[in-house]
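Let me begin by presenting the structure, written as structure tokens, before commenting on it.
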Amino acid sequence: MSAPNPGATPKGAPGTHVSEQDARAVAEASRETEWLQPSFVRELFDGRLDLALIHPFPTPDAEEERRAAEWMAKFEVFLRERVDGERIEREARIPAEVLQGLRELGAFGIKIPREYGGLGLSQRAYGRAVALAGSVSFAKACYAAGATLVYLTGRDLPHMGLGTFRSLRDLGFPIGVPGTELVLKPEFSMPDEAFKRDVAPTLARVGHVVASFDNEPGNCNVFKETYPDCESVLIDTQHMPQAPPLGPGVRVLADFVR
């Protein structure tokens with residue numbers, strides 16, 4: 001047995017070369033030995049259709065939803081007061097102060113468990129945050145290109161009309177100017193899909209309908225049926241648990257961020 005060389009660097013220490021064989025060995029040793037949370041899509045690739053993985057739709061945790069709502073309110077204020085989307089588009093970079101603000105909010109750890117210093121929120125909360133962060137810039141780009149923007153929402157006019165307008169305005173969406181409209185339900189009790197099915201055909205009055213964006217599959221189907229040539233897009237953040245399947249031709253986006 002030979003004595004260790006005092007000048008030798010331990011295998012795998014920083015600054016040393018790790019061979020491909022060593023890297024593969026570490027990767028193989030890190031593989032899961034059992035699937036505690038199997039993937040629905042992986043099962044499809046393996047030729048197995050396990051509907052139990054996606055149905056029934058899981059009920060959101062009430063405590064997590066409460067924490068997510070509180071954090072999302074802070075995130076909306078941050079986007080409204082400290083993020084200049086037009087500057088970011090113009091300079092093609094995110095300012096250091098914005099990155100620092102996101103860091104202070106915990107935005108880079110939305111899904112990381114709280115025991116590891118993250119927020120411990122769900123994938124759904126993450127999707128909502130990403131959609132909010134990118135949708136304002138997307139709407140502004142469409143408006144700048146000459147599109148007429150119609151905000152067709154399931155909120156009702158009597159109780160939520162003014163608040164909805166203020167929220168869109170304060171977040172930076174183009175609204176209250178020529179080429180924009182806000183259309184709300186006449187009453188709270190009216191189902192959203194029924195409302196949008198009634199209103200959709202009337203939107204041809206503003207011009208050729210080129211695209212629609214919604215987070216509910218049923219509403220996306222309505223627009224694709226009404227305007228077959230338009231791009232009907234599902235923003236896949238959150239939707240009703242018993243939502244109908246998407247119709248043919250409806251596209252899916254995870255968020256508005258490139």
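The values are calculated or read from the model by the stated rules, or taken from the named source; none is laboratory data. Keep in mind that this is a model prediction, so the values were computed, not measured. Quick reminder, even Gly has a Cβ in these numbers, built from the backbone with ideal geometry, and neighbours come from all protein chains shown.
Summary of computed values
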{"read-out": "Hits in segment 101-138 - residues which are among the β-branched types (V, I, T) and assigned to a helix (DSSP H, G or I)", "value": "V130, V136"}
{"read-out": "Residue check for S19: surrounded by 10 or more Cβ atoms within 10 Å (Cβ to Cβ), polar (S, T, N, Q) and at pLDDT 80 or above", "value": "no"}
{"read-out": "Test: residue in segment 69-83 that is touching an Asp or Glu at 6+ places or on another chain (Cβ under 7 Å), on the phi < 0 side of the Ramachandran plot and in a helix (DSSP H, G or I)", "value": "yes"}
{"read-out": "Residue check, A27 assigned to a helix (DSSP H, G or I) and modelled with pLDDT under 85", "value": "yes"}
{"read-out": "Hits in segment 180-218 - residues which are surrounded by 13 or more Cβ atoms within 10 Å (Cβ to Cβ), touching a strand residue (DSSP E or B) at 6+ places or on another chain (Cβ under 9 Å) and small (G, A, S)", "value": "A200, A211, S212"}
{"read-out": "Residue in segment 7-16 that is among the β-branched types (V, I, T), surrounded by 10 or more Cβ atoms within 10 Å (Cβ to Cβ) and either modelled with pLDDT of 80 or more or part of a helix (DSSP H, G or I) (or both) present", "value": "no"}
{"read-out": "Matching entry among L184, L162, L157, L171 (being touching a Ser or Thr at 6+ places or on another chain (Cβ under 8 Å), among the hydrophobic types (A, V, I, L, M, F, W, C) and within 30 Å of V77 (Cβ to Cβ))", "value": "L184"}
{"read-out": "Positions within segment 122-163 being among the hydroxyl-bearing types (S, T, Y), under 24 Å from L203 (Cα atoms) and modelled with pLDDT of 85 or more, in sequence order", "value": "Y143, T148, Y151, T153"}
{"read-out": "Matching residues, segment 52-110, being surrounded by 12 or more Cβ atoms within 10 Å (Cβ to Cβ), at pLDDT 90 or above and of a type in the set (D, E)", "value": "E64"}
{"read-out": "Candidate set: segment 112-142, residues that are under 22 Å from I94 (Cα atoms) and not small (G, A, S); chosen: the one surrounded by the most Cβ atoms within 10 Å (Cβ to Cβ)", "value": "R128"}
{"read-out": "First in segment 138-156 and more than 20 Å from N215 (Cβ to Cβ), second anywhere and outside any helix (DSSP H, G or I) and of a type outside the set (S, T, Y), Cβ under 7 Å, 6 or more apart", "value": "Y143/L149; Y143/P174; Y143/G179; T148/G179; T148/G207"}
{"read-out": "Residues that are free of Cβ contacts under 8 Å to residues at least 40 places away in the same chain and within 19 Å of the chain's Cα centre (by Cα), drawn from segment 168-186", "value": "L168, F173"}
{"read-out": "Filter result (out of contact with any helix residue (DSSP H, G or I) (no Cβ under 8 Å at 6 or more places or on another chain) and either surrounded by 12 or more Cβ atoms within 10 Å (Cβ to Cβ) or assigned to a helix (DSSP H, G or I) (or both)) within segment 168-179", "value": "L168, R169"}
